[in-house]
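Novice: Take this structure, written in structure tokens, and hold onto it; I'll ask about it next.
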Amino acid sequence: MNPVYFLGWIGFRTLFKFYFGWRVCNPERVPLTGPVILASNHASFVDPPLVGAGIKRGINYLARENLFRFPVLGWILHHWQVVPVDREGGGAKGLKAIIDRLLAGGAIVLFPEGTRTRDGRLQPARSGIGLTVIKSQAPVVPVRVFGTFEAYHREMRFPRPWHRVVVKYGEPMLFEQLRAEAKVCSKQRLKEIYQQVADEIMAAIAGLQPNEDKSSFP
């Protein structure tokens with residue numbers, strides 16, 4: 001973590017502790033070095049910093065490229081090593097930047113659903129994350145956040161204080177067989193593999209429950 005990222009990391013951990021009374025489950029499942037994709041469900045603006053604040057390593061986030069135009073915000077995003085993407089997050093330039101960060105040994109947060117849920121329920125995964133997983137060779141850690149929809153969903157103007165939020169990290173997924181098949185299969189099968197990977201990740205996220213295993217209160 002560089003100094004600017006570290007200050008933000010400390011700030012968010014403090015916010016989650018005293019404003020929400022957060023809980024973190026199984027952060028030791030996330031490798032502290034090397035490339036890794038953190039694949040999380042998405043219910044709130046709270047989710048990205050919550051996923052990153054629960055582990056003790058720097059994380060690459062995604063943000064719309066137009067946000068980098070604002071002087072102070074752009075400076076912060078640059079020092080937080082945020083990856084600029086287009087509005088839909090699926091452009092070739094953004095994908096290349098994500099792959100480059102992973103090939104350099106970085107960790108990145110992605111949301112298989114593509115957008116925040118409108119009703120608090122898990123949504124189907126889009127194939128884009130499958131493409132990223134296959135091309136990157138990075139392990140995938142499924143992550144599930146709980147309580148963030150109730151604490152700060154898209155219709156709320158301000159976050160609800162002391163509504164507990166929980167982040168739980170799952171066991172790493174490797175996808176070695178599908179990556180091997182992707183090197184020799186047809187284009188049609190390749191598209192199917194992308195969606196299969198996305199669906200398997202989403203199923204792993206759905207399988208995470210907040211009351212399993214021991215948790216910590218940072």
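Novice: Are any residues in segment 151-163 surrounded by 13 or more Cβ atoms within 10 Å (Cβ to Cβ) and over 19 Å from the mean Cα position of the chain (by Cα), and if so, which ones?
Specialist: In the first step, residues of segment 151-163 are kept if they are surrounded by 13 or more Cβ atoms within 10 Å (Cβ to Cβ); the result is 151-153, 156, 159-160, 163.
If the condition is that a residue be surrounded by 13 or more Cβ atoms within 10 Å (Cβ to Cβ) and over 19 Å from the mean Cα position of the chain (by Cα), then 156, 159, 160, 163 are the ones that fit.
Matching residues to (1) farther than 22 Å from residue 15 by Cβ; (2) crowded, with 18+ Cβ neighbours inside 10 Å; (3) of a type outside the set (D, E, K, R); (4) in contact (Cβ under 8 Å) with a residue 24 or more places away in the chain:
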position: 79; (1), (2), (3), (4): no, no, yes, yes
position: 86; (1), (2), (3), (4): yes, no, no, no
position: 100; (1), (2), (3), (4): yes, no, no, no
position: 106; (1), (2), (3), (4): yes, yes, yes, yes
position: 113; (1), (2), (3), (4): yes, yes, no, yes
position: 127; (1), (2), (3), (4): yes, yes, yes, yes
position: 141; (1), (2), (3), (4): yes, yes, yes, yes
position: 148; (1), (2), (3), (4): no, yes, yes, yes
position: 176; (1), (2), (3), (4): yes, no, no, no
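Novice: Pick from segment 23-44 the residues that are in contact with a helix residue (DSSP H, G or I) (Cβ under 7 Å, 6 or more places away or on another chain) and within 15 Å of residue 102 (Cα to Cα): which of them is surrounded by the fewest Cβ atoms within 10 Å (Cβ to Cβ)? Before you say what the answer is, go through the steps one by one.
Specialist: To start, the set of residues in segment 23-44 that are in contact with a helix residue (DSSP H, G or I) (Cβ under 7 Å, 6 or more places away or on another chain) comprises 35, 37-41, 43-44.
Subset that is within 15 Å of residue 102 (Cα to Cα): 35, 37-39.
Details: 35: 18, 37: 25, 38: 24, 39: 29.
The selected residue is 35.
Novice: Would a scan of segment 125-134 turn up a residue that is at pLDDT below 90, hydrophobic (A, V, I, L, M, F, W, C), under 15 Å from the mean Cα position of the chain (by Cα) and not in a loop (DSSP other than H, G, I, E, B)?
Specialist: no
Novice: Sticking with this structure for a sec: Give just the number: which of (1) farther than 23 Å from residue 84 by Cα; (2) assigned to a loop (DSSP other than H, G, I, E, B); (3) touching a Pro at 6+ places or on another chain (Cβ under 8 Å); (4) small (Gly, Ala, Ser) does residue 120 not satisfy?
Specialist: Exception for residue 120: condition (3).
Novice: Restrict the check to segment 200-210 and report whether at least one residue is surrounded by fewer than 18 Cβ atoms within 10 Å (Cβ to Cβ), under 20 Å from the mean Cα position of the chain (by Cα) and closer than 23 Å to residue 97 by Cα.
Specialist: Looking for residues that are surrounded by fewer than 18 Cβ atoms within 10 Å (Cβ to Cβ), under 20 Å from the mean Cα position of the chain (by Cα) and closer than 23 Å to residue 97 by Cα, one finds none in segment 200-210, hence no.
Novice: If I go through segment 45-64 residue by residue, how many of them are in contact (Cβ under 8 Å) with a residue 60 or more places away in the chain, crowded, with 17+ Cβ neighbours inside 10 Å and either in a loop (DSSP other than H, G, I, E, B) or more than 18 Å from the chain's Cα centre (by Cα) (or both)?
Specialist: Qualifying residue count, segment 45-64: 3.
Novice: Now for a separate question. Among what's in segment 136-170 and is touching a helix residue (DSSP H, G or I) at 6+ places or on another chain (Cβ under 6 Å), modelled with pLDDT of 95 or more and assigned to a loop (DSSP other than H, G, I, E, B), pick the residue that is farthest from residue 51 (Cα to Cα).
Specialist: Only one residue tops the list, namely 138.
Each row is one residue, and each column tells you yes or no for (1) under 18 Å from residue 151 (Cα atoms); (2) part of a helix (DSSP H, G or I); (3) under 16 Å from the mean Cα position of the chain (by Cα).
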residue: 9; (1), (2), (3): no, yes, yes
residue: 33; (1), (2), (3): no, no, no
residue: 38; (1), (2), (3): no, no, yes
residue: 42; (1), (2), (3): yes, no, yes
residue: 66; (1), (2), (3): no, yes, no
residue: 75; (1), (2), (3): no, yes, no
residue: 101; (1), (2), (3): no, yes, yes
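Novice: Residue by residue through segment 164-178, note down the ones that are under 17 Å from the mean Cα position of the chain (by Cα) and of a type in the set (D, E, K, R). Quick ask: steps written out before the conclusion?
Specialist: At the first step, the residues of segment 164-178 found to be under 17 Å from the mean Cα position of the chain (by Cα) are 165-174.
168, 171 - these are the residues of segment 164-178 that are under 17 Å from the mean Cα position of the chain (by Cα) and of a type in the set (D, E, K, R).
Novice: Out of the residues in segment 11-31 meeting the condition of being among the charged types (D, E, K, R) and assigned to a helix (DSSP H, G or I), tell me which one is farthest from residue 201 (Cα to Cα). Write out each step before concluding.
Specialist: Within segment 11-31, the first condition is being among the charged types (D, E, K, R), and the residues that meet it are 13, 17, 23, 28-29.
This time we only want the ones that are assigned to a helix (DSSP H, G or I), so: 13, 17, 28-29.
On the way: 13: 26, 17: 28, 28: 19, 29: 16 Å.
Among residues in segment 11-31 that are among the charged types (D, E, K, R) and assigned to a helix (DSSP H, G or I), the one farthest from residue 201 (Cα to Cα) is 17.
Novice: Going by the structure shown, is residue 193 buried (at least 17 other Cβ atoms within 10 Å of the Cβ), in contact with an Asp or Glu (Cβ under 7 Å, 6 or more places away or on another chain) and either β-branched (Val, Ile, Thr) or closer than 27 Å to residue 12 by Cβ (or both)? Working first, answer last.
Specialist: Values: buried (at least 17 other Cβ atoms within 10 Å of the Cβ): yes; in contact with an Asp or Glu (Cβ under 7 Å, 6 or more places away or on another chain): yes; either β-branched (Val, Ile, Thr) or closer than 27 Å to residue 12 by Cβ (or both): yes.
Yes, satisfied.
The values are calculated or read from the model by the stated rules, or taken from the named source; none is laboratory data. Note that the coordinates shown come from a computational prediction; the quantities given were computed from them, not determined experimentally. Cβ sites come from the backbone with ideal geometry, for glycine too, and all protein chains shown count toward neighbours.
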